[in-house]
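Participant: First, the structure itself, so that you have it in front of you.
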Amino acid sequence: MKLARGLCPRRLLLLLSTACVALMSLSPTAAAAPADDRPVPTEVSFTGADGVRLNGTVFSPRAVGGDRPALVMVPGAGPGGRSELRDAAESYARHGIVALIYDKRTTGYSTLHRDYSLLAGDALAALRLLRDRPGVDSARTGMWGLSEGAWAVSLAASRSADVSFVITAGAVGMEPARQQAWAYGEYLAHAGVSGSLPHTMQGSFTRQIVGAGLFPEADYDPVPTWQRVRQPVLAEWGTLDREAAPQESSRIIARALYRGGNRHCTIRFVPGVRHNLNGTLDHGFDRISRLPSDYAGFEAAWIERLSLGLPSRTIGPAPHQQRQTRALPSPLWYDAGQVQLAALCVLAIGFVGYPLCALVRRVGKGRGRRVPSLRAARWLSGTGLAVSVGTPVYLLFLALTAAGVTGPVLLGRTLPWLALQLLAVAVVGATVWTGVSWWHGRGRFGRAESVRLGLLVAAGLVFVPWGMYWGLLVP
């Protein structure tokens, strides 16, 4: 009662207000109000190597204390825009590193044409822009390159001392054609594909697209460029990298740097991530976008330590690489594009010409006129045309998808390849059937029909070595 009498309404209201303020200060909502660490984006544009205008975005740390290290980020192959590297750039900025990403040029770069020297010039132009920005430490401004971008940034570093350091992700140490052939094999093996298709993709198909000029910079050798790089290098690969042959590429690049006199390289293998250092749900064979929670942490710390001195040579243990890359064998006479083109012309004349001539004759002589034909010849024409067209189309599809889309596999073969192989066997059988039928019934065919059948059988005979070359008649 004494306590109740001692509290007047005014004093009681004051005590209640104080208690409410204290409770609010201890509430989870108030305690979980951290400072916003989202990077500050700034849209920029600059002039590339040959006068082309390029647009980009600079991501800066929100809480900047003095001039910060910075890097230019160069994406991998393909017409990648800024969106491809946005998450990675923001992660670097959250770790205190200013990051510039930009849209890849469309002038002078395409699926069928690319020039790594030109891409290196663009990267250097981006570096000049970044070095001149306020809040950037120009003495600690370097480059980061992913896959094909690693070739560009190594070229840029070999040309300019303004590049303070180089970081690469999934760099390839051998020629692009050799690396791509290896990657075809990795993806097909993962899908359970065996037999002739992997051999065809890695051998005859790769040789043909290189010879036809459909594989730009196929023979580019990155080793001489790495030998000229003098800046500190942090080269990283995911332990689940299925595209860059990490065990071989790391050894090649480390050796090239050492031979060039560069003792300031760090070779690192990041556990549990794929080619672009993103996470994976399929042992590195998927292409999902998922940055690890600690992404850019190691790299940012490595950059910060550069101000204390150049790093010593450090090489981490490489992941096991089950299959080694192989150099493309020297082309033989039948690998020549002219020989393959001549074979396709014979196939087209025989398989397409047979029904086309029948159609022309039927139209010219009226619908009632029946053009003599053999059932075997019709089978040969149809199956031969289907295989001749379907094979290059399917192989090109696999190339465009980097052999990452195979669909169901039966008896060690993808369903389209199994169908093509069965049709190829049917072509051989139909060739024999047509030839025998033509011989036994040669008396009832006129000269024009005999020529038509002769061209068709000739196409069937040419198809046999052609099918062997492309793996259609090989188990």
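The values are calculated or read from the model by the stated rules, or taken from the named source; none is laboratory data. What you are looking at is a predicted structure, and each value in this text was computed from that prediction instead of being measured. Reconstructed Cβ throughout: ideal geometry from the backbone, glycine too, with neighbour counts over all protein chains shown. Note: areas computed on protein heavy atoms with side chains; ligands, DNA, RNA excluded. Shrake-Rupley method; radii C 1.70, N 1.55, O 1.52, S 1.80 Å.
Participant: Would you pull out the residues with amide H under 5 Å of A49's amide H, same chain only if 5 or more places away, H placed 1.01 Å from N?
Facilitator: D122
Participant: Nearest 500 deg cm²/dmol is fine: what mean residue ellipticity at 222 nm does the chain get from its DSSP H runs of n ≥ 4 alone, each adding -39,500 (n - 2.57), divided by its residue count?
Facilitator: Values: 16 runs with 222 residues, N = 475.
Mean residue ellipticity, 222 nm, calculated: -15000 deg cm²/dmol.
Participant: Another question about this same structure. For D282, project a label point 7 Å along Cα to C-beta. Then give me every residue of region 392-434 with its amide nitrogen under 16 Å of that point.
Facilitator: 398-410, 414-415
Participant: Of the listed peptides 237-246, 115-124, what is their order by residue-averaged count of other C-beta atoms within 10 Å, with the highest listed first? Show your work: numbers first, answer last.
Facilitator: Values: 237-246: 25.1, 115-124: 22.1.
Final packing ranking: 237-246, 115-124.
Participant: Measuring from label point to label point, each 7 Å out along Cα→Cβ, what is the V44 to V352 span in nm?
Facilitator: 5.3 nm
Participant: For S138 and S330, what is the calculated FRET efficiency with R₀ set at 45 Å and r taken between the beta-carbons, to the nearest 0.05? If you can, show how the numbers build up before the last one.
Facilitator: Working: r = 48 Å, r/R0 = 1.07.
The pair S138/S330 has a calculated efficiency of 0.40.
Participant: Moving on. In square angstrom, what is the accessible area per residue of the chain with a 1.4 angstrom probe? Before the final figure, lay out each step's value.
Facilitator: Details: 23280 Å² over 475 residues.
Each residue of the chain exposes 49 Å² on average to a 1.4 Å probe.
Participant: Also, quick follow-up: Using mean Cβ contacts within 10 Å as the protection proxy, how do 420-426, 135-141 order, highest first? It would help to have the intermediate numbers written out before the result.
Facilitator: On the way: 420-426: 20.0, 135-141: 17.7.
By packing density, highest mean first, the sequence is 420-426, 135-141.
Participant: Could you pull out every residue, at least 5 positions away or on a different chain, whose amide H is within less than 5 Å of the one on Y109? Hs are placed 1.01 Å off N in the peptide plane, and Pro or chain starts have none.
Facilitator: Amide H neighbours of Y109: none.
Participant: Using the Cα centre as the reference, give the magnitude of the dipole from point charges on the C-beta atoms of region 182-244 (Lys, Arg: +1; Asp, Glu: -1; all else neutral), rounded to the nearest 20 debye.
Facilitator: Details: 4 positive and 7 negative charges, 21 e Å.
The calculation lands at about 100 debye.
Participant: Rounding to the nearest 20 debye, state how big the charge dipole of the chain is about its Cα centre with +1 on each Lys and Arg Cβ and -1 on each Asp and Glu Cβ.
Facilitator: Details: 49 positive and 31 negative charges, 301 e Å.
Charge dipole of the chain: 1440 debye, to the nearest 20.
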